[in-house]
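Any read-out appearing in this document is the output of simple, stated calculations on the displayed coordinates, not a laboratory observation. All values reported here derive from a predicted model rather than from experimental measurement. Cβ: placed from backbone, ideal geometry, glycine included. Neighbour counts: every protein chain shown.
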Amino acid sequence: MALKYRCQCNHVIRLGLKHADRRLACPTCKRPFRISREKFETAAARQAAKARVTTPSTQSPTPLRREPATKSNAVAAAPKPVDFALDELSLAEMTLLPDPVAQRLAAPAPPVVKPADHACPSCNKVYPGNTKICVACGVNIKTGRSLITASEGDLDRLYHNAEKIIRSISWIIAIGVYPIGSEAFGAKKPYAIFSIVAFTIFISSIFYALEVSSSPRMQSLKQLLLWPPDPSPDSEVILLFKDFMPFGDDTAFEAKYAELEEANPLPEGDEAPSTSSSPFAATGYRDDLVIKANDALPVYQRPIGEFRVYQLLTNALLHGDLFFHLGGKMFFLVIFGTRVNALIGNLWTAIAYPLLAIGASIIYLIAESGGPPVPALGASGAVMGLAGMYFVFFPVHKMHMAAWWRWGLLTGFRLSFKIWAVRGFWVVLFYIAFDVLATILGADDGVAHWAHLGGFVVGIGIALILLIARRVNAHGGDVLSVLLGRHAWKLIGRPRSAAVA
């Protein structure tokens with residue numbers, strides 16, 4: 001005897017008595033079911049009783065074709081099947097009532113409430129509610145803060161080269177903490193900074209060679225240094241420069257001093273007080289005649305130079321030695337300057353660098369007014385100005401640092417070093433803190449700390465002007481965007497596309 005089973009998917013399955021008490025599955029939807037033998041026999045008895053009361057013409061039902069059992073009728077990993085009650089009102093079809101579990105599975109899922117669409121706060125482009133980033137502007141739609149664009153480069157190569165250099169240079173500089181690379185983003189080629197570095201090295205090398213050789217040309221080249229506007233030198237400073245620096249004409253100075261001494265003799269019995277601390281001074285010098293002799297000579301023959309406006313810039317091209325002074329400044333110039341140059345372009349870099357040097361020199365002269373007439377030289381102020389611009393443009397970009405220590409003889413000159421990454425603003429604040437501390441303590445270490453601080457402040461000012469004037473697009477990584485978020489748009493404008501041609 002064969003019966004029919006109609007699944008919930010409306011597929012009809014023909015079953016025989018041999019399928020009783022077996023775990024079966026719908027070949028269409030794979031839904032498991034099982035019919036007990038008792039229910040199968042009850043349904044068969046009812047169908048036979050119904051057949052006895054039918055007319056002879058209707059008592060010859062078409063025999064049901066048996067279908068062989070196949071593997072598709074069973075699901076090996078299906079959940080535990082549930083018995084289904086037979087529908088007594090439709091025994092011929094053997095439609096089974098679904099169980100409560102199947103009803104829950106088949107019930108339609110509750111509608112998913114999608115968040116409302118919202119617009120980008122910058123470009124007002126409408127996005128679906130679950131969108132987080134505006135592709136056109138590169139900002140977070142909820143906070144308005146821009147995504148930070150960084151240029152990571154080949155870090156493995158950077159670290160490998162840094163390790164090789166540290167192993168060599170640590171024999172000269174036993175302890176050091178220096179930046180070795182930055183991830184700040186910029187699309188321009190830093191030709192301006194490389195040109196400045198090359199020109200500075202060339203001029204400084206010539207100046208250093210002439211100074212070491214005590215060339216007579218130093219008498220005029222000393223005017224490239226930054227001299228105080230109102231030197232008011234005393235006789236001791238004049239004699240120190242005369243004896244130790246090749247800035248003046250010693251023969252002309254001695255001749256002028258002898259002339260003044262002959263014209264202004266001391267009263268009989270008086271001796272000239274010795275004011276010179278130089279071991280090369282054979283006899284004492286009179287204070288008044290030393291100052292008069294210096295003032296009477298032309299500028300190029302004097303041991304001490306005079307202030308000229310062009311010195312505000314030219315002093316940044318000269319350095320006292322070629323390794324520590326020049327090498328150190330050019331290293332920092334490349335680290336900070338190339339990143340700033342790559343962002344603002346070569347034209348603005350060529351304009352900004354002289355302004356940084358001049359601004360640092362002016363602040364140094366103001367802070368050191370009334371001091372001894374000691375000249376200043378070096379690119380430190382301009383370099384710290386570039387560090388100030390870096391602080392404004394790239395405060396949260398990563399800077400890679402290297403620290404090392406070459407131990408002493410007892411440890412076999414073992415080298416300890418570490419390379420790590422830190423946010424750029426920490427690096428800038430770390431180095432400027434030394435100048436702040438030295439200025440507060442009034443350190444007399446021969447370093448123009450006020451030039452460093454002055455250049456840093458001027459660099460911050462120039463960078464902010466470029467941002468507010470919208471001459472530079474820092475792609476949301478600048479200090480104003482980081483601190484103020486979308487409120488900075490009133491000052492620097494709404495974010496533009498981070499894509500740069």
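List of remarks:
- With a cut-off of 13 Å between beta carbons, the residues surrounding Val427 carry a summed charge of +2, where Lys and Arg count +1 and Asp and Glu -1.
- Interchain or long-range residues, amide H under 5 Å from Arg6's placed H: Ile13, Thr95, Leu96
- Charge tally in the Cβ shell below 10 Å around Ala184, where Lys, Arg are +1 and Asp, Glu are -1, Ala184 excluded: +1
- A full extension of the chain between Ala443 and Leu483 corresponds to an added length of 11.0 nm, given 0.36 nm per residue minus the alpha carbon distance.
- Scanning residues 5 or more positions from Gly176 or on other chains, those with amide H under 5 Å from its amide H are Trp404, with H placed 1.01 Å from N in the peptide plane.
- As a rough footprinting exposure proxy, the listed residues Phe33, Phe336, Phe393, Phe307 were ranked by other beta carbons within 10 Å of their own, and the order from fewest upward is Phe307, Phe33, Phe393, Phe336.
- For the range 394-407, 3J(HN,Hα) computed residue by residue from phi via the Karplus equation (6.51, -1.76, 1.60; θ = phi - 60°) reads 10, x, 10, 6, 7, 10, 8, 10, 9, 10, 8, 8, 8, 6 Hz, glycine and proline entered as x.
- Sequentially through the range 17-25, phi angles give Karplus couplings (6.51, -1.76, 1.60; θ = phi - 60°) of 4, 5, 8, 5, 6, 10, 7, 10, 8 Hz, Gly and Pro residues having no value and appearing as x.
- Once the Cα-Cα distance is subtracted from the 0.36 nm per residue extended length, the Val422 to Arg494 segment shows a gain of 23.1 nm.
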